[in-house]
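The values are calculated or read from the model by the stated rules, or taken from the named source; none is laboratory data. Remember, it's a predicted structure, so these values are computed and weren't measured experimentally. Glycine gets a Cβ as well: all are built from the backbone with ideal geometry, and neighbour counts include every protein chain shown.
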Amino acid sequence: MAVVAEAGTSVLEGMPMGFVQVAADWRITYLNAAAERAFGRRRADLLGRSAWQAFPGNEESPLGRAYRRVAATRRAEVLDSFSPARDTWFEVRLVPAEGGRINAFFTDSTARHRTQERLAVLARVSAELADTPDAVQTMSRMPRLLVPVLADWAVVTVLDDDGRPRDVGCWHRDPAMRPVLARYSELRLGALPVTAPLVRSMHTQETTPVSAAEVHGSLPPGEARDLQRRLATGGGLYVPLLGRGRTLGVITLWWQHGRTPDAEDLAAAREAAERIGLALDNGRLYRLQAALAEELQRSLLTQPVQPAGAEVAVRYTPAAEAARVGGDWYDAFRSPSGAMVLVIGDVVGHDTAAAAAMGQLRGLLRGIATYSDAGPGEVLRGLDAAMVQLAFPTLATAAVARLTEDGAGGAELVWSSAGHLPPLVLGPDGDLAEPAPWPGDLLLGVDSGARRTEHRVQLAAGSTVLMFTDGLVERRDEDLDTGLDRLRATVAELADRPLEELCDEVVDRLVHGRPDDDVALVAVRLA
């Protein structure tokens, strides 16, 4: 009691800070009135008892280990300690005293900890939402981030495109109750009337407090109502998910008996809902934009003309990490003289600007080829001149081929390239022709006077020609020749397949549905 005597019991008793003194043998020798209030126990019940007997949960806790370190080192320590029995955090300062005693000064730090926990929840919500452009994919994980800091259990509901609500994620702090909550989440929306508080919250766009009795009364007799009785013993809150004035869903937060949310809890819940709602709306706009852009791209890449003596197949797959649109294009049409014109091209970029530029180039090339009825080299020279004259804002590669049937089932293939990969030719017996020369001609839009070399190949009946963009063969971690060899091996293996099936298999095997770059190809097979 030496320290107590020195300080004076009147001072200790008047302190708002809790104070406890333990002897070298861990007996409690003194505690003040603030400590009594903090513990919710009488002084007479604690004095003279071992601290580990009086508070059995503390001996092996971080607090108990800190006590033993101070006893051994005689150095003061400060730490935060949580009391599950009181649902309270304390900041504890342990100070060694004479005779092996330890004096403990402590204050309630729950408010500070709760603030830190709420801020951490909001940070995790933001981080989770930032990982994907489509927030709907992350909604199933949101309740796990909100529970147990903001509620004892939570359910996230989103509105589908048709306006129907759908529970997409739920979580309970008690593992034994999670299957119960999951089943309730499956059933509750189908059982709720339009006048239910949850529905009202979405319509009014207002945060709606609700009692267990209200929810119970809104449900008709049945399994959902029985499950709700097991789950809801306190009070809840419906927080609408809003994005730019639209209702996109609602969060159900529930607190069991004995826990009452304070103003900071409610503010954090609204902040979390605001962030989730904005992410949902961004995801909605992203999906709409992507769908519109992809539809625009598809409308530009029309189906090819099918000549009488040949079959034509086309494919387009946008880059997996892009906006589902890009600058790759294909084309197949008849010239005025009746020859089949095949085009493959690539404008730099993977966005709507690249798609718009691609549409202009495709139209220009079609017009030049149709009006002039010129060969591939001259068509590319005309396109070069048009791009320079019109101050076209980007560069592109392209290959143009002209297929003229010889009347005996075969055809002459004349092609020219502007910085693009040459076509791949497969004979009727399944043998690949020797790789065509690739002189590395200039890209389109660099020099209006650039020469364009033409190459001629005689095709027998049953031959196949494949023209493709570099996204089919290029990989970030390997050279181009490796990709070209892989394409040649794949096409040779699939030589006997129908043309449509061959194109599907080539794209699937080489890019697996998720290419690093846009992929376009046009293939023709002589009958």
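Observations
- First in segment 289-316 and assigned by TED's automatic domain parsing to the domain that holds residue 505 and closer than 15 Å to residue 522 by Cβ, second anywhere and polar (S, T, N, Q) and at pLDDT below 75, Cβ under 9 Å, 6 or more apart: 316/297
- Scanning segment 220-260 for residues that are within 25 Å of the chain's Cα centre (by Cα), β-branched (Val, Ile, Thr) and either within 21 Å of residue 151 (Cα to Cα) or outside the structural domain of residue 189 (by TED's automatic domain parsing) (or both) gives 239, 250, 251, 252.
- Filter pass, residue 311 being modelled with pLDDT under 90, among the acidic types (Asp, Glu) and not in a helix (DSSP H, G or I): no
- Segment 182-194 residues that are over 13 Å from residue 252 (Cα atoms), paired with ones that are loosely packed, with under 15 Cβ neighbours inside 10 Å (beta carbon under 9 Å, 6 or more apart): 183/223; 187/222; 187/223; 191/220; 191/222; 191/223; 193/220; 194/203
- Condition met for residue 408 (in the same structural domain as residue 386 (by TED's automatic domain parsing) and either closer than 24 Å to residue 386 by Cβ or under 40 Å from the mean Cα position of the chain (by Cα) (or both)): no
- Conditions (1) of a type in the set (S, T, N, Q); (2) assigned to a strand (DSSP E or B); (3) over 17 Å from residue 241 (Cα atoms): number failed by residue 157: (3)
- Only one entry in 130, 154 is under 27 Å from residue 238 (Cβ atoms), surrounded by fewer than 18 Cβ atoms within 10 Å (Cβ to Cβ), in the same structural domain as residue 281 (by TED's automatic domain parsing) and not hydroxyl-bearing (Ser, Thr, Tyr), namely 130.
- Among the conditions (1) farther than 25 Å from residue 319 by Cβ; (2) among the aliphatic types (A, V, I, L, M); (3) touching a Phe, Trp or Tyr at 6+ places or on another chain (Cβ under 8 Å), the only one that residue 374 does not satisfy is (3).
- Only one entry of 23, 66 meets the criterion of being more than 26 Å from residue 149 (Cβ to Cβ) and not charged (D, E, K, R), and that entry is 23.
- Residues of segment 358-397 satisfying the condition of being within 34 Å of the chain's Cα centre (by Cα), free of Cβ contacts under 8 Å to residues at least 40 places away in the same chain and either buried (at least 20 other Cβ atoms within 10 Å of the Cβ) or part of a loop (DSSP other than H, G, I, E, B) (or both): 393
- Subset tally (residues that are surrounded by 19 or more Cβ atoms within 10 Å (Cβ to Cβ) and more than 15 Å from residue 262 (Cβ to Cβ)) for segment 106-120: 1
- Lone unmet requirement of (1) within 14 Å of residue 20 (Cβ to Cβ); (2) at pLDDT 95 or above; (3) not hydroxyl-bearing (Ser, Thr, Tyr) for residue 55: (2)
Residue-wise test of (1) over 22 Å from residue 308 (Cα atoms); (2) surrounded by fewer than 19 Cβ atoms within 10 Å (Cβ to Cβ); (3) touching a residue at least 40 places away in the same chain (Cβ under 8 Å).
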| position | (1), (2), (3) |
| --- | --- |
| 415 | no, no, yes |
| 427 | no, yes, no |
| 450 | yes, yes, yes |
| 462 | no, yes, yes |
| 468 | yes, no, yes |
| 472 | yes, no, yes |
| 476 | yes, yes, yes |
| 511 | yes, no, yes |
